[in-house]
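Heads up: the structure comes next, in structure tokens.
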Amino acid sequence: MDGINYVDVGEGPATALFVHGVGTSSYLWRNVIAELQNERRCVAIDLPLHGGSAPRDDLSIPALAEAVEELCEELGLTEVDLVANDTGGAVAQVFAVRHRERLRTLTLTNCDVHTNTPPEAFKPTIELAARGELAELTAAVLDQPELLAKTAFGDGYERIDDPAALVDAYLRPIFAKPGGGRAFERLLASIDAEHLIAIEPQLTVLTVPTLVVWGTGDVFFDVSWARWLRDTIPGVREIVEIEGGRLFFPDERAAELVPHLRRFWAQES
């Protein structure tokens, strides 16, 4: 397993595997894990380049899905309850159609879906990355966490109480790696709807029990995409709406997500 870092805490009869999106890390799931670790094993990956994980040449969505598979293989994980957010949801969809045998259940929170990859509101950032301008701009303000948190994460959170903690957990580890800024630009520029459009036929026959939990206040991923998932994936059991929740509600409103996870997992036991 090439340079993959992960959190692995708790124990129990089942394993939950958490996948974050671009520009965050396993830190996103800390509050969810804190509530669940006394009842199950909780594993949260740092996708390549993020957190403590090393960068790779290929940082496309399918390649990130294979990194998740490498971790499962290394840890001997089968019958996992996979939970994903943001670009991690795209990774999880690719993973699910490729490695159905690894999954007991799938939970998707606000994430890239089908043609909404990347979402319209994120395209200006993608364009900066494609022009090679994002890394320098971000590196220049790494020591101004309030400004950086407002610009990079302001639309994803309802409220940011500790901007320095977010920058230190999410962005600083990326830019601290040799060539990390350029690799981040490469990753963002590689996000393409073609990867999710290509797996639509497999999603239409995906019977993994699936829960969709969606914040309704998200400027990136409208709740209509939750309904697309419900109408496309036969395994979807229900959509739960988190009123006013933004993209990163699994972090700041973990206490609202966890009861739905517990209920869903218990139903599928």
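Yes/no matrix, rows are residues, columns are (1) open to solvent by 10 Å² or more (accessible area, probe 1.4 Å); (2) of a type in the set (Lys, Arg); (3) under 11 Å from the mean Cα position of the chain (by Cα):
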residue: Val32; (1), (2), (3): no, no, no
residue: Gly51; (1), (2), (3): yes, no, no
residue: Glu73; (1), (2), (3): yes, no, no
residue: Asp86; (1), (2), (3): yes, no, yes
residue: Arg98; (1), (2), (3): yes, yes, no
residue: Leu106; (1), (2), (3): no, no, no
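Tell me whether the stretch 257-267 contains one or more residues that are open to solvent by less than 60 Å² (accessible area, probe 1.4 Å), in a helix (DSSP H, G or I) and of a type in the set (D, E, K, R).
So far as the stretch 257-267 goes, no, none of its residues is open to solvent by less than 60 Å² (accessible area, probe 1.4 Å), in a helix (DSSP H, G or I) and of a type in the set (D, E, K, R).
For the stretch 58-76, name all the residues that are assigned to a helix (DSSP H, G or I) and over 15 Å from Leu103 (Cβ atoms).
Those that are assigned to a helix (DSSP H, G or I) and over 15 Å from Leu103 (Cβ atoms): Ile61, Pro62, Ala63, Leu64, Glu66, Ala67, Glu70, Glu74.
Starting from residues that are part of a helix (DSSP H, G or I) and open to solvent by 50 Å² or more (accessible area, probe 1.4 Å), keep the ones in the stretch 229-256 and report whichever is farthest from Asp162 (Cα to Cα).
Of everything passing the filter in the stretch 229-256, Asp231 is farthest from Asp162 (Cα to Cα).
Restricting attention to the stretch 10-18, does a residue exist that is under 29 Å from Arg182 (Cβ atoms) and either open to solvent by 20 Å² or more (accessible area, probe 1.4 Å) or touching a Cys at 6+ places or on another chain (Cβ under 6 Å) (or both)?
no
Which condition does Val213 not pass, out of (1) open to solvent by less than 10 Å² (accessible area, probe 1.4 Å); (2) part of a helix (DSSP H, G or I), if it passes all the others?
(2)
Which condition number in (1) within 26 Å of Leu257 (Cα to Cα); (2) in a loop (DSSP other than H, G, I, E, B); (3) not aliphatic (A, V, I, L, M) is the one that Asp2 fails?
Here Asp2 meets the rest and fails (1).
Residues of the stretch 60-71 being open to solvent by less than 10 Å² (accessible area, probe 1.4 Å) and within 14 Å of the chain's Cα centre (by Cα), which ones?
Ile61, Leu64, Ala65, Ala67, Val68 - these are the residues of the stretch 60-71 that are open to solvent by less than 10 Å² (accessible area, probe 1.4 Å) and within 14 Å of the chain's Cα centre (by Cα).
Find the residue count for the stretch 209-232, including only residues that are under 17 Å from His260 (Cβ atoms) and hydrophobic (A, V, I, L, M, F, W, C).
7
The values are calculated or read from the model by the stated rules, or taken from the named source; none is laboratory data. What you see is a predicted model, and the numbers here were worked out from it, not measured in a lab. Every residue, glycine among them, receives a Cβ derived from its backbone with ideal geometry; neighbour counts consider all protein chains shown. Note: areas computed on protein heavy atoms with side chains; ligands, DNA, RNA excluded. Shrake-Rupley method; radii C 1.70, N 1.55, O 1.52, S 1.80 Å.
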